[in-house]
1. Arg359 versus Asp234, label points 7 Å from Cα toward the beta carbon: distance in nm?
2. Give the average over all directions of the projected area of the C-alpha convex hull of the chain, one decimal, in nm².
3. So who's got an amide H within less than 5 Å of the one on Val62, skipping anything under 5 residues away but keeping other chains? H placed 1.01 Å off N, in plane.
4. Tell me, what % of the accessible area of the chain is carbon and sulfur with a 1.4 angstrom probe?
5. Spelling out what I want: for every residue of region 170-187, take phi, set θ = phi - 60°, compute 6.51 cos²θ - 1.76 cosθ + 1.60 (Karplus), and round to whole Hz; glycine and proline get x.
6. Toward the positive end of the charge dipole of region 436-530, about the Cα centre and with charges on Cβ (Lys, Arg +1; Asp, Glu -1), which of Val530, Ala450, Val494 goes farthest?
7. Report P(r) for region 225-335: all Cα-Cα distances, bin width 10 Å, range 0 to the bin holding the largest distance, values in whole percent.
8. Using a cut-off of 10 Å between beta-carbons, work out the net charge of the residues near Gly144 (Lys and Arg +1, Asp and Glu -1, Gly144 not included).
Amino acid sequence: MTTKYIFVTGGVVSSLGKGIVAASLGKLLQSRGYNVTIQKLDPYINIDPGTLNPYEHGECYVTVDGCETDLDLGHYERFLNVPTTRANNVTTGRIYQSVIDKERKGDYLGKTVQVVPHITDEIKRNIKLLGAENKFDFVITEIGGTVGDIESLPFIESVRQLRWELGKDCLCIHLTYVPYIAAAKEYKTKPTQHSVKQLQEFGIQPDMLVLRTEHELKPDLLHKVALFCNVAEDSVIQSVDRPTIYEVPLVLQRQKMDEIILHKVGLAADKPSDMKRWENFLAMKSSAVESVKIGLVGKYVELQDAYKSIDESLLLAAIYNHRKLDLHLIHSEKVNDTNAATLLQDMDGLVIAPGFGQRGIEGKFSAIKYARENDVPCFGICLGMQCMVIEFARNVLGLTDANSTEIAADTPYNVIDLMDEQKNITNMGGTMRLGAYDCHLKQGSKAYAAYGKADIQERHRHRFEFNNAYKARMEQAGMACVGENPETNLVEVVELPDKKWFVGVQYHPEYNSTVVTPNPLFISFIKAAVKAEH
Ligand code: GLN
């Protein structure tokens, strides 16, 4: 079958959840046996979000092939259970970079290089790239930003051209917001009408509208939107706020979104939809009564999206342990040796977050010391693992002022240090140790027991490493190095075997945890936390 291209645009306001709508539609089509991939086009000039501060952008998600990408790709993977790659996230910066590279090589043969057609051609090439190998029946492309933004115009223009070129193989879904005006006791559709008008001015007639709303909208209001926006009545769908994003596919399925889409691209909706595993997960979620209390110690706790994949991985793991997740975000700058017991005593388990730089790091050491001394299940991820190593070196080995050279370049005990191949790097973008690497786990370790096998692959995003010069001393003192990269011998997993569950991983297991296959290490951590419960 020819690949079908579906675009998801957004109007009225940002943060409406285009990523969730795209992922939910993808899930519904996948449940009917189609191969689906989802792509995000981001209108900013950065080549990728790798160098962006989490305050600007939330979490940076890493693909198996080592691309630093938008956090929506995390939703796509958690929903579809299919890995994404570099091709699934393209920014304006990357588009321009490649056009400018071609121009310098002389590829444009003396022509003036312009937004239309050169930039739009490059955008279209990147969209079609995913469909090119015939691997996917559907490529769903989410256009970042809101229709009408100056910076997303070339993307919208590319969608217009593709619809013209691809005919029935291409659809546009527009997501808008219907606000409730309390004083008038009315829902207002005018912003939706304006937003669709704007899209029409750019030459795009949406095939389907998804109206985001806080409460159920009445059919007459949906009819009115259909009438004013030139959209078929059955194609105006509502997405009412739900307590969990994982219910959205079912909300859309009840309104036959997938059937309508299939019909529009000329496919019969004759393959039955199999959402059993998804429904089982939701059933498990709603039957969980007791909760497990997890403290996430990090410096970005005021930011909803900074630890998105960790939050979601903890939630999934809690549900698979038949618990509700009671997540407490603990500001690492506020924790010290004096108050750690008071702040952390109610937690069943602690996660020490990844991160960069000095701010809040001493609080992470205090939290780890508290967990180690009081045998609270503790899970260190990336910088969190490095902090576990530093805390152990300082307080157990007695190496006062041990540190990572990232934090203190002149530390007398560089238990965490820069990898040799990182030493001469000056460019910050895309130069960390990124993507999936092999790791060999020792039998008898907690990590081995969790994964149920010795050879695993997990994704990385860091420059600094456990310094093997200290390995023997660490192991003698009781910190076991139980996971190693088989080629480089870099230490990937450390544990304190005499504790209930004290595991640090140099990699990011949170990037590899989906609704139907949650990451085993998270499952094992939550299980230990449930067991240790107060
Ligand atoms: N800052 C640390 C490093 O670069 C850890 C990075 C992380 O936690 N992702 O090695």
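The values are calculated or read from the model by the stated rules, or taken from the named source; none is laboratory data. Keep in mind that this is a model prediction, so the values were computed, not measured. Methodologically, a virtual Cβ is constructed for each residue, glycine included, from the backbone with ideal geometry; neighbour enumeration extends over all protein chains shown. All accessible areas refer to the heavy atoms of the entire protein, side chains included, with ligands and DNA or RNA removed. Shrake-Rupley method; radii C 1.70, N 1.55, O 1.52, S 1.80 Å.
1. 5.3 nm
2. Values: hull surface 108.0 nm².
Directional mean of the projected Cα hull area for the chain stands at 27.0 nm².
3. For Val62, the qualifying residues are Thr69.
4. Numbers: 11010 of 22280 Å².
Of the solvent-accessible surface of the chain, carbon and sulfur hold 49 percent.
5. 3J(HN,Hα) across region 170-187, in whole Hz: 9, 9, 10, 10, 10, 9, 10, 10, 10, x, 9, 9, 4, 4, 8, 6, 9, 8.
6. The Cα lying farthest towards the positive end belongs to Val530.
7. 12, 29, 27, 19, 11, 2
8. Working: positive: Lys18, Lys40; negative: Asp42, Asp70, Asp72, Glu142, Asp149, Glu151.
Residues near Gly144 contribute -4 overall.
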